[in-house]
1. Could you give each residue of the range 26-33 its phi-based ³J(HN,Hα) in whole Hz, using Karplus coefficients 6.51, -1.76, 1.60 with θ = phi - 60°, and x for Gly or Pro?
2. Applying the Karplus parametrisation 6.51 cos²θ - 1.76 cosθ + 1.60 with θ = phi - 60° to the phi angles of the range 91-108, what ³J(HN,Hα) value in whole Hz is obtained for each residue in order, glycine and proline being reported as x?
3. How much net charge surrounds residue 146 when only the other residues with a Cβ under 9 Å from the Cβ of residue 146 are counted, with Lys and Arg +1 and Asp and Glu -1?
4. Rank by packing, highest mean first: peptides 113-122, 59-68, 83-92, with packing defined as the count of other Cβ atoms within 10 Å averaged across residues.
5. Using Cα pairs closer than 8 Å and at least 6 residues apart in sequence, work out the relative contact order for the chain, in percent.
6. Sort 72, 10, 55 so that the residue with the fewest other Cβ atoms within 10 Å of its own Cβ comes first and the one with the most comes last.
7. Would you mind checking which residues have amide H under 5 Å from residue 61's amide H? H placed 1.01 Å from N; only 5 or more apart, or other chain.
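No lab work stands behind these numbers, since they all come straight from the coordinates. Treat the numbers as computed from the prediction; the structure is a model and nothing was measured. So basically every Cβ, Gly included, is an ideal-geometry build from the backbone, and we count neighbours across all protein chains shown.
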Amino acid sequence: MQLAGIAFLLVLPVLAAFGVFGQSFDSASATDAGLRLSAIYPSRLRYQQDSTLELTVSNTGAQSLDTLSVHLERSYIDRFSGVSFTPQVTLATGRAYVIELGVIAPGESRVIVLQLAGGQYGRHSGRIWVEQNGSRTAALNLTTLVFP
């Protein structure tokens, strides 16, 4: 039993040296009806470590997209601390933070950046989606692991 414990203690620094416990990022994207939603987000970070989540909404169609809003599920975002949004949140409901984007012309994109820090330990999952004229279009599922 003691040999197993010693082996475990020796493996931890090696894993740390290879970045297993450090910050890492992942990406996700979804498309629907001339619209593309993509995200670069922290898939792994340490408690209270600062990070960035970046969302891009692009018009890949031939016509302007109007009345667009991005919804960030609170059950995911509220697990972080020190969260700031650029652009600012337009509406905060019990379910989501909403950012109104207005009209996006063909070929244009809008970027949303969240500055955040790991606020609670554990695996946090949530959904981000775009609505156009009140109808849900593209959606992403994100998962972040926060280490102690």
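1. 9, 9, 8, 8, 8, 10, 6, 6
2. 8, 10, 9, x, 9, 8, 8, 10, 10, 7, 9, x, 9, 10, 6, x, x, 8
3. Values: positive: 44, 46, 79, 123; negative: none.
Once all neighbours under 9 Å are counted, the net charge is +4.
4. On the way: 113-122: 16.5, 59-68: 14.6, 83-92: 13.1.
For the peptides 113-122, 59-68, 83-92, the packing ranking is 113-122, 59-68, 83-92.
5. Relative contact order of the chain: 27 percent.
6. Taking fewest neighbouring Cβ atoms as first place, the list is 10, 55, 72.
7. It is 107, by chain and number.
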